[in-house]
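Data block below; observations after.
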Amino acid sequence: MFQKEKQKNPYINEASISKKMDIPPTTFNRLVNGRSKPAVQTLLKLSRFK
């Protein structure tokens, strides 16, 4: 997910992606780094992101 966005736009950062997805930056960082599992609400937000 993050890697695809990064390939499309190399200047984008995690904070801007998390803002687009309406997910707190700390939560997004934990998900990207595999330190937490997403809650149901977060999964719904991720599924709507394009």
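The values are calculated or read from the model by the stated rules, or taken from the named source; none is laboratory data. Quantities reported herein were computed from a predicted structural model and do not represent experimental measurements. Positions of Cβ are generated from backbone atoms using ideal geometry, with glycine treated the same way; all protein chains shown enter the neighbour counts.
At-a-glance table
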quantity	calculated
First in region 14-25 and surrounded by 13 or more Cβ atoms within 10 Å (Cβ to Cβ), second anywhere and modelled with pLDDT of 90 or more and not in a helix (DSSP H, G or I), Cβ under 8 Å, 6 or more apart	18/24
Residue selected from region 26-50 under the condition among the hydroxyl-bearing types (Ser, Thr, Tyr) and without any contact (Cβ under 8 Å) to a residue 12 or more places away in the chain, by the criterion surrounded by the fewest Cβ atoms within 10 Å (Cβ to Cβ)	47
Count - residues of region 20-50 that are at pLDDT 90 or above and either of a type in the set (Lys, Arg) or touching a strand residue (DSSP E or B) at 6+ places or on another chain (Cβ under 8 Å) (or both)	3
Matching option when the condition is of a type in the set (S, T, N, Q) and touching a Lys or Arg at 6+ places or on another chain (Cβ under 7 Å), among 36, 18	36
